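J.: Below is the structure I would like to discuss, written out as structure tokens.
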Amino acid sequence: MKYALLVFIGGGLGSVLRYLIGKLFHNLLGAFPIGTMTVNVVGSLLIGFLFGLGLKNGGLSETQSLLLITGFCGGFTTFSAFAIENQMFLKSGDYIQFISYTLGSLILGIAAVVLGLIISKNF
């Protein structure tokens with residue numbers, strides 16, 4: 001039960017922060033979902049950093065991993081919002097936004113994980 005509580009707390013904090021960032025960036029670039037993209041890239045950076053820090057220091061404890069990676073990062077990032085936003089681009093025929101958002105999210109997300117790993121080595 002302790003482990004489920006750690007995931008619950010981390011996930012709740014990550015979800016609230018995702019909501020606040022989404023509100024902050026809402027309609028900043030018109031219909032382009034910059035808020036979702038931002039949290040997914042930042043979440044990728046954070047998970048790369050945490051994973052790399054764990055590798056550097058002999059691994060994160062199970063409680064740290066459940067709270068920070070499974071809970072917080074899992075609650076903070078969102079694939080479901082990414083998927084529905086892309087579906088809306090496709091439905092409206094906005095293929096440029098669809099391609100930009102999909103490729104941008106994938107490329108920036110993977111690059112952010114790599115950057116997080118690099119940063120953790122120097123931390």
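J.: Roughly how many debye, to the nearest 20, is the charge dipole of the chain about its Cα centre, given +1 on each Lys and Arg Cβ, -1 on each Asp and Glu Cβ, and no other charges?
T.: Approximately 200 debye in magnitude.
J.: If you don't mind, another one. Report the local net charge at residue 36: Lys and Arg +1, Asp and Glu -1, summed over other residues whose C-beta lies under 10 Å from its C-beta.
T.: Residues near residue 36 contribute 0 overall.
J.: Pairing the Cα long axis of helix 95-121 with the longest principal axis of the chain, what angle in degrees results, from 0 to 90 and rounded to the nearest 10?
T.: 20
J.: Still on this structure, please answer the following. Averaged per residue, what accessible area in Å² does the stretch 31-79 show with a 1.4 Å probe, protein chains only?
T.: For the stretch 31-79, the per-residue accessible area is 45 Å².
J.: For a test of the definition: using alpha carbon positions, the gyration tensor, and the 1.5 limit on a/c, classify the stretch 57-99 as rounded, prolate or oblate.
T.: prolate
J.: To the nearest 10 degrees, how steeply does helix 2-25 sit against the main Cα axis of the chain, on a 0 to 90 scale?
T.: The helix 2-25 is inclined about 30 degrees to the chain.
J.: For the chain, which whole percent of the accessible surface, found with a 1.4 angstrom probe, sits on carbon and sulfur atoms?
T.: 75
J.: Follow-up question, since we're still on this one. Quick one: Karplus J couplings for the stretch 45-56, per residue in order, coefficients 6.51, -1.76, 1.60, θ = phi - 60°, nearest Hz, x for Gly and Pro?
T.: So the J values, rounded to whole Hz, are 4, 5, 5, x, 5, 5, 5, x, 5, x, 5, 5.
J.: What whole number of Å gives the distance from the Cα centroid of the stretch 52-73 to the Cα centroid of the stretch 1-49?
T.: 17
J.: For the chain, what does the relative contact order come out to in percent, with C-alpha contacts under 8 Å and a separation of six or more?
T.: Relative contact order, the chain: 42 percent.
J.: Through the Karplus equation 6.51 cos²θ - 1.76 cosθ + 1.60, θ set to phi - 60°, convert the phi angles of the stretch 68-78 into ³J(HN,Hα) values in whole Hz; use x for Gly and Pro.
T.: 8, 8, 5, x, 4, 5, x, x, 6, 8, 8
J.: Next question. Divide the volume of the convex hull of the Cα atoms of the chain by its number of residues and quote the answer in cubic angstrom per residue.
T.: That works out to 94 Å³ per residue.
The values are calculated or read from the model by the stated rules, or taken from the named source; none is laboratory data. For clarity, every value in this text was computed on a predicted model and none was experimentally measured. Glycine also receives a Cβ, built like all others from the backbone with ideal geometry; neighbour counts cover every protein chain displayed. These area figures cover heavy atoms from the full protein model, side chains too; ligands, DNA and RNA do not enter into them. Shrake-Rupley method; radii C 1.70, N 1.55, O 1.52, S 1.80 Å.
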